[in-house]
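Colleague: My questions will all concern the structure given below.
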Amino acid sequence: MPLPTVVVQVDPSHPSPEILAEAAARILRGELVAFPTETVYGLGANAFDAEAVRRIFEAKQRPFDDPLIVHLAEIEEVEMVATEFSAVAARLASLFWPGPLTLLLPRHAALPVEVTSGLDTVAVRIPSHPVALGLLAACGVPIAAPSANRFGHTSPTSAAHVVEDLDGAVELILDGGPTPLGIESTVVDPRPTPAVILRPGGVTREQLEAAIGPVRYAEPGERRAASPGRLPRHYAPRAEVILCAGDSAEAIAASIDEHALRLIAGGRSAGVLAASEVHQELKSSLAHVFDLGGWDDLLGIARRLFLGMRTLEAAHVEVILCHLVPAHGLGLAVNDRLRRAAHPLQK
Ligand code: AMP
Ligand code: MG
């Protein structure tokens, strides 16, 4: 039986204590609450309630071998979920928490195995969004929360996206407007030297290296072993995504035009998801275009990326033509999501 899903508007900077108390009461009763974080919307449950945590996997249709991130209100709560906080982990936490950095720590035995999919590490972060922090503080328990979308689909950056994917599967959605960063947290394993980035995200490699020296990216195979749920195809809209290459806006636009012509000739509908500079160079006039904003504004692009994918998906285009962005700073996380969205479906 589908649940009645209640959507409540909440001020993103100053959430009402009454609304947060109601949401916290629901979490403590074992219900699921979706809420905005600075990255994307999360689907939260009490991390110590195994039954509620299982419901997260069911609601998302997420495989049980893909572990969840545990969210905390403050750094003192680390000891509730982890047995160790190394000097490197503590330094990263002191610099980037609250914020979009997730650290792998040795798992505390009190945490239900469902949260970590049986792994001996737990992924932990303190989010910086006032609604997420307010909810965590009101609950007094850590909240396990993956992104509030159907597994494998484009991540949700607004409450409307959560409704699209999870209406009837979540009790309450706190609508705090669009999420400020728009892309997920960086997942770091701080235990080896150098520390390993398992997923690029909101905290950049440059920021991490300024804090602790060299870090490296996990190889794809290594990443799958360390982080079992991470699939090559993820963050994907229902449309096919094609990455069009070129070393200038003009060259990318020419590649998009070429693809567009071929698709149209084959009777397929296409949409374009591209930076403003590329749109200016396009010759083809496709009905469905989404402007990601200026090429150099990587934060703006990160913020609009998933909205763009969902907007074109909602227009029922069969193919989305897009391109990678400069490979530095947030561009690495944006390109990771684009590549995963473009990865072919396993037939
Ligand atoms: P999501 O919250 O949906 O953005 O996904 C969280 C991601 O964090 C998972 O897909 C894993 O890649 C990663 N993760 C969570 N817990 C662990 C863990 N204990 N070890 C390795 N990776 C983890
Ligand atoms: Mg996710």
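Colleague: Which of Arg337, Arg303, Arg191 comes first, and how do the rest follow, when ranked by fewest Cβ neighbours within 10 Å?
Modeller: Ordered from fewest to most neighbouring Cβ atoms within 10 Å, Arg337, Arg303, Arg191 come out as Arg191, Arg303, Arg337.
Colleague: A follow-up question, please. Give me the number: length gained by fully extending Ala210 to Glu58, i.e. 0.36 nm times residue separation minus the C-alpha to C-alpha distance, one decimal in nm.
Modeller: 50.7 nm
Colleague: Between Ile264 and Asp291, what FRET efficiency follows from the Cβ-Cβ distance if R0 is 35 Å, with the result rounded to 0.05?
Modeller: Efficiency, from the Cβ-Cβ distance: 0.95.
Colleague: Also, I was wondering about something else. What is the calculated FRET efficiency for Leu299 to Ala160, with r their C-beta to C-beta distance and R₀ = 25 Å, to the nearest 0.05?
Modeller: On the way: r = 22 Å, r/R0 = 0.86.
After rounding to 0.05, the efficiency reads 0.70.
Colleague: Something else: Taking the Cβ of Pro127 as the center, what net charge do the other residues with Cβ under 14 Å away carry, scoring Lys and Arg +1 and Asp and Glu -1?
Modeller: Neighbourhood net charge equals -3.
Colleague: Give a quick list of chymotrypsin sites (Phe, Trp or Tyr not before Pro) in the range 11-110 that DSSP marks as loop, anything other than H, G, I, E or B, with at most 15 other Cβ atoms within 10 Å. Walk me through the intermediate numbers first.
Modeller: Numbers: sites: Tyr41, Phe48, Phe57, Phe64, Phe85, Phe96; in loops: Phe48, Phe64, Phe85.
Answer by residue number: Phe64.
Colleague: What spacing in nm lies between the two simple spin-label points modelled at Gln9 and Leu231, each 7 Å away from Cα in the Cβ direction?
Modeller: It works out to 3.7 nm between the two label points.
Colleague: Given a Förster distance of 22 angstrom, what is the FRET efficiency for Ala245 paired with Gln280, based on the Cβ-Cβ distance and rounded to 0.05?
Modeller: 0.75
Colleague: Here is a follow-up. Looking at the square roots a ≥ b ≥ c of the eigenvalues of the Cα gyration tensor of the range 139-298, which shape do they give, rounded for a/c under 1.5, prolate if a/b is larger than b/c, or oblate?
Modeller: Values: a/c = 2.01, a/b = 1.36, b/c = 1.48.
Because a/c hits 1.5 or more and a/b fails to exceed b/c, the range 139-298 counts as oblate.
Colleague: Taking 0.36 nm per residue of sequence separation and subtracting the Cα-Cα distance, how much length would be gained by fully extending the chain between Ala137 and Asp120, in nm to one decimal?
Modeller: Residue separation times 0.36 nm, minus the Cα-Cα distance, leaves 3.5 nm.
Colleague: Based on Cα positions only, what radius of gyration and what Dmax would you give for the range 15-156, in angstroms?
Modeller: Cα-based Rg and Dmax for the range 15-156 come out at 13.8, 38 Å.
Colleague: Under the classification rounded if a/c is under 1.5, otherwise prolate if a/b is larger than b/c and oblate if not, where does the range 69-146 fall, given a ≥ b ≥ c as square roots of the Cα gyration tensor eigenvalues?
Modeller: Oblate, since a/c reaches 1.5 and b/c is not below a/b.
Colleague: Sticking with this structure for a sec: Treating the range 246-333 as a set of equal point scatterers at the Cα positions, no solvent, please give the Debye-formula log₁₀ I(q)/I(0) at q = 0.12, 0.20 Å⁻¹.
Modeller: Per q value, in the given order, log10 I(q)/I(0) is -0.33, -0.90.
Colleague: So what's the chain giving for Cα Rg divided by 2.2 N^0.38 Å, two decimals?
Modeller: 0.98
Any read-out appearing in this document is the output of simple, stated calculations on the displayed coordinates, not a laboratory observation. Values in this document were obtained by computation on a predicted structure and should not be read as measured data. Note that each Cβ is placed from the backbone with ideal geometry, even for glycine, and that neighbours are counted across all protein chains shown.
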